[in-house]
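Report on the following structure.
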Amino acid sequence: MSLNFPLLLVIAVAVCGALALFDLIFLAPRRRTAIGNYHGQVSQPDEAVVERLNKEPLLVEYGKSFFPVLAIVLVLRSFLIEPFQIPSGSMKPTLEVGDFILVNKFAYGIRLPVLDVKVIDVDDPQRGDVMVFRYPSDPSINYIKRVVGLAGDHIRYTSDKRLFVNDQLVAQQLLGEEPGSLGSVALYEERLGEVEHLVRKEMNRYRAEPGHEWVVPQGHYFMMGDNRDNSNDSRYWNDPAIPQPLLGMVPDQNIVGKAFAIWMSWPDPKLRNLPNFSRVGLIH
């Protein structure tokens, strides 16, 4: 069972806020009344007695202490910026395993936490954006890929690893080669929309695809990883519960935000080595 952290955070803020409010409305006036009665009964009040009468219940004290901290975390995480760690190599060479990234939560609109209902429109995803979204077949899992297709786009990916958007070949320039698991790996600079970025292709690897052409429905997006031959993306999703026209597409309500920066890299999953900051920078 996956941990629903946003829901737990909302519940924690609600409980702490309720405790603080209950103290403000009911308990605090009683304490003040008790202190006033005590002052009226003695000529020289004992500070220890006053302190005891003014002492908050332990649960209320903890609730009031945690409430502002949790509320700030909720606002930051839900509406502004959320951190993520990259668990796989599907976005190489743009993102490496162990990269810690920051995601802009308001770039594509303000959404209510937990409910994920958009309440304020800001902007729409653009072709070439690196986007975090909830996997359509299992929304408890966050994925990160690059936006390739917008609503109405015709996407075609050929057997020789060329990408067409609306029958236009996406421009690529070969930069060089590096060793790979199945031979040489070619690195290209690709221009997708207004974004120039790197893509990685294993030239000796061919993966069977369920289809080579897609039309993106309204309110959906077609996503691909920059590591083109090692990415579980819109080309390969096959969920019988999803209607065929929507298969492989990411609906707007699954959007989490736009990835915009790497702030740390820690590739060792057991955290035995120190993190490094050589990859800190903006994501393109």
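At a 10 Å Cβ-Cβ cut-off, how would you order W266, W237, fewest neighbours first?
Listed from fewest to most nearby Cβ atoms, that is W266, W237.
With an 8 Å cut-off on Cα pairs and a minimum separation of 6 or more residues, tell me the relative contact order of region 160-284 in percent.
Details: 172 pairs, mean separation 18.2, N = 125.
For region 160-284, the relative contact order is 15 percent.
For region 5-79, what is the relative contact order in percent, using Cα pairs closer than 8 Å and at least 6 residues apart in sequence?
Answer for region 5-79 is 56 percent.
Under a point spin-label approximation (7 Å from Cα along Cα-to-Cβ), what is the D153-D123 distance to one decimal in nm?
About 1.6 nm separates the two model spin labels.
Binning at 10 angstrom from zero up to the longest distance, how are the C-alpha pair distances of region 5-79 distributed in percent?
P(r) over region 5-79, rounded to whole percents: 19, 36, 23, 14, 7, 1.
Pairs of Cα atoms under 8 Å, at least six residues apart: use those to get the relative contact order of the chain, whole percent.
Normalised by residue count, the contact order of the chain is 19 percent.
Filter the trypsin sites (Lys or Arg not before Pro) in region 1-75 down to the DSSP loop ones having no more than 14 other Cβ atoms within 10 Å, then list what survives.
K55
Under 20 Å between alpha carbons, and skipping anything fewer than 8 positions from K105 in its own chain: which lysines qualify?
Within reach: K118, K145, K258.
Pick out, in residue order, every one of the GluC sites (Glu not before Pro) in region 116-202 that is DSSP loop and has at most 10 other C-beta atoms within 10 Å; say none if there are none.
Filter output for region 116-202: E194.
If the cut-off is 23 Å between C-alpha atoms, which lysines fall inside it for K270, apart from same-chain ones fewer than 8 positions away?
K92
Does the chain come out rounded, prolate or oblate, given a ≥ b ≥ c as the square roots of the eigenvalues of its C-alpha gyration tensor, rounded meaning a/c under 1.5 and, failing that, prolate meaning a/b above b/c?
Note, shape of the chain comes out prolate.
What dipole magnitude, in Debye to the nearest 20, does the chain give about its Cα centre under +1 on Lys/Arg Cβ and -1 on Asp/Glu Cβ?
520 debye
Here, each number is a calculation from the coordinates, and none is a lab measurement. These numbers were taken from a predicted model, which means no experiment stands behind them. Note that we place each Cβ from the backbone using ideal geometry, even for glycine, and neighbour counts take in every protein chain shown.
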